[in-house]
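Only the coordinates and a few stated rules stand behind these numbers; no lab work does. Source: prediction; values computed, not measured. Glycine gets a Cβ as well: all are built from the backbone with ideal geometry, and neighbour counts include every protein chain shown.
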Amino acid sequence: MSRNGPLAIAFHVLFVTFMLAPLGIVCLVAFTPEGYLSMPTHGFSLRWFRQILEYPEFISAFWVSIWLGALSSTIAVALAIPSALAIARYRFPGREALTTLFMSPLMVPPVVLGIAFLRFFTQIRLAGTFTGLVLSHVIVIIPFALRLILASSYGIDTRIEHAATSLGAGAATVFRRVTVPLILPGVVSGWMLAFINSFDEVTMTVFVASPATVTLPVRMFLYIQDNIDPLIASVSACLIALTAVMLLVLDRVFGLDRLFVGAGKG
Amino acid sequence: MKERLKPTPYLLAGPTALVFLGLVLIPLAMTVLLSFYDWGQYKGIVPELTLKNWREMVADDYFYTVYMRTFRIAVLVTLASIVVGVPEAYILNRMSPVWRSVSLLAILGPLLVSVVARTLGWALLFGSTGVVNQGLMKIGLISSPLPFMFTETGVVVTLTHVLVPFMVLAVWAALQRLDPQVENAAGSLGASPWTAWRRVVLPQIIPGMLSGSVVVFALAASAFASPAIIGGRRLKVAATLAYDEFLNTLNWPLGAAVATLLLVALVAIIVGSNRLIERRYAQVFE
């Protein structure tokens, strides 16, 4: 196999710099000892990280995001498992249409979904509630959970299940002891990808969240709209660090390249 | 023999289908309907069917400007992603596995970081008090800050950063299906590396490039947070305009019309180009 020439390597270095520079700068500015946006040229300081603790709205928004992510990805996975099994195992009229429907939140712009949810929740008196927030997030993250669970459901050798049945296992036992373990990698990484997407979602959530149920990205977005200071940089730096940890775990569990193939989200 | 219709798949997928019916199809239908309702500063939303909002969008140049800007930005972001992403995918494909997985972490990792944090990074780099501008001014290369914030260029650069990983992925997937020996064969038959790339590699990765373009274009045209932060309140795109009508002006029917038009335009473009790609390159997908 031919190697990359020096020009190619230079291009690659530039590209990786382009990808990482904005994140790097956020992390650097977060450590500034000054009271304004600047590089930490005169030593590093944690003052802006301590400052976060004095803004309870960031802390409470963080917990809203965590609970929202955990709850909505669990519901999304619970809905995605049977759907994935139906799509992967059976040929039935409407199969294609259902798959398209379940993947459709990827195609509908988040702004449009946000507006649709706001209108709908206002009519049924769910606007601004945590329940409404969870329901809307379930919809947006189902495609991510479904895709990964589908990928692991296609690979199952159904003879293993038949063997279990012929050995006297009931349908529930076969599902619990054979099917679930086989699709478990897909379920776990599907849950994690769903969680990350829920945790990062901002556009649709801006419409659905009320001041009491604001998530972390929405809080950050609203804060940046007013002013950009080292505080928001330190909040973002924490977020980047948290994501980096989850990224490494996901890479170990599932492999990053498989995780993203066919992805579509912004 | 005709196979009997089994109820199992319907029972399995049924709950999700019901959830989607109730939480996607009905709300979307209500939004489309809302775009035909009347609205007034004092009377609020009046549920009477009217074409007022749609007429306003056609008649007012402002909406035309915003939509043209939205699609101009999306086209530029798509082109930039091709120019930057295609060579990168090619380079990535020729790397040793170890370096490749490290590079993939760096390229795909940002996808998982909130778009708000990524956009903030660009604002910190290129804002008027940003690091790059301050640095360039200190060494005297420029006298006033480079215009980046509140410009279309700024929005395009930021969105390219946010979306180019999708292009890299799509092209890389196409490259993996390619036999590396074919390129070597072209070389041994006397083609220069550039000719081999242009005549042998490029034609085979065009489908990947096109499907990557559809994804990047759709996401760029519906982007919200980056244009809102970098573009500010004056440089509106379709998504930020709909947001404004909903949460600032409170003219929901007009906001719904703006959103509906965006949705319809995007679905038409996505479905249309997917059809085109599949028909034109059917043999490559087999």
For segment B:136-272, build the convex hull from the C-alpha positions and give me its volume per residue in Å³.
149 Å³
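Given Cβ point charges of +1 (Lys, Arg) and -1 (Asp, Glu) and nothing else, what value in debye, to the nearest 20, does the dipole of chain B about its Cα centre take? Let's see the in-between values first.
Numbers: 21 positive and 14 negative charges, 79 e Å.
Dipole size: approximately 380 debye.
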Over all residues in B:220-232, what is the mean tally of Cβ atoms on other chains that come within 10 Å of each residue's Cβ?
4
So if I place +1 on the C-beta of Lys and Arg and -1 on the C-beta of Asp and Glu, and nothing else carries charge, what would the dipole magnitude of segment A:56-260 be about its Cα centre? I want it in debye, nearest 20.
740 debye
Label point distance in nm, B:GLU48-A:ASN227, each placed 7 Å from Cα along Cα→Cβ:
4.8 nm
Can you tell which of A:VAL108, A:VAL187, A:VAL134 shows the greatest fluctuation in a Gaussian network model of chain A with Cα springs below 10 Å?
A:VAL108
Given charges of +1 on the Cβ of Lys and Arg and -1 on the Cβ of Asp and Glu, with all other atoms neutral, how large is the dipole of segment A:1-126 about its Cα centre, in debye to the nearest 20?
480 debye
Distance from the Cα centre of segment B:174-226 to that of segment A:203-231, in angstrom?
39 Å
Around B:ASP61, what is the net charge, scoring Lys/Arg as +1 and Asp/Glu as -1 over all other residues with Cβ under 15 Å from its Cβ?
+1
Spin-label pair A:THR100/A:TYR55, simplified geometry with 7 Å Cα→Cβ offset, distance in nm:
4.5 nm
With equal scatterers on the alpha carbons only and no solvent term, can you work out the Debye log10 of I(q)/I(0) for the protein assembly as shown at 0.05 1/Å?
-0.22
Taking the Cα atoms only, what angle lies between the long axis of helix A:110-123 and the longest principal axis of chain A, rounded to 10 degrees?
80 degrees
Ranked on Cβ counts within 10 Å of their own Cβ, fewest leading, A:PHE49, A:PHE102, B:PHE217 go A:PHE49, B:PHE217, A:PHE102
What does the structure give for A:80-86 when I average, per residue, the other chain Cβ atoms found within 10 Å of the residue Cβ?
5
Would you work out which of A:PRO56, A:LEU247, B:LEU146 lies farthest towards the positive end of the dipole of the protein assembly as shown, given +1 charges on the beta-carbon of Lys and Arg and -1 on that of Asp and Glu, about the Cα centre?
A:LEU247
FRET efficiency estimate (nearest 0.05) - Cβ-Cβ, B:ARG280 to B:LEU11, R0 45 angstrom:
0.65
For a label point 7 angstrom out from the Cα of A:LEU46 toward its Cβ, which stretches of segment A:234-253 have the backbone nitrogen within less than 17 Å?
A:234-239, A:241-242
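Grab the DSSP H runs of the protein assembly as shown that are 4 residues or longer, score each as -39,500 (n - 2.57), total them, divide by all residues and round the 222 nm result to the nearest 500 deg cm²/dmol. Please list the in-between numbers first.
On the way: 28 runs with 400 residues, N = 552.
Theoretical 222 nm ellipticity from helices: -23500 deg cm²/dmol.
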Of B:VAL162, B:THR65, B:ALA173, farthest towards positive along the dipole that unit charges on Lys, Arg, Asp, Glu beta carbons give chain B
B:ALA173
Which of the listed residues, A:VAL206, A:LEU20, A:LEU106, is farthest toward the dipole's positive end in chain A, when Lys, Arg count +1 and Asp, Glu count -1 at the beta-carbon?
A:LEU106
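Per-residue mean of other chain beta-carbon atoms within 10 angstrom of the beta-carbon, peptide A:102-110?
Details: counts 6, 0, 5, 3, 3, 7, 8, 15, 6.
Per residue, the number of nearby Cβ atoms from other chains is 6 on average.
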Taking only the alpha carbons of segment A:54-138, the radius of gyration and the largest Cα-Cα distance, Dmax, both in angstrom, are 16.2, 57
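Counting other beta carbons within 10 Å of each Cβ, put B:SER81, B:SER144, A:SER65, B:SER128 in order, fewest first.
On the way: B:SER81 30, B:SER144 8, A:SER65 24, B:SER128 15.
Lowest count first: B:SER144, B:SER128, A:SER65, B:SER81.
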Pairwise label distance in nanometres, B:PHE150 with B:LEU18, each label 7 Å out on the Cα-Cβ vector
5.3 nm
Using the membrane-span-like helix rule (whole DSSP H runs, Cα extent along the own axis of at least 20 Å, mean Kyte-Doolittle hydropathy at least 0.0), which helices of chain B qualify?
B:61-93, B:97-112, B:152-176, B:202-221, B:252-280
So, in Å, what gap is there between the alpha-carbon centers of segment B:227-286 and segment A:89-116?
17 Å
Globularity ratio of segment A:56-260, using Cα Rg and 2.2 N^0.38 Å
1.16
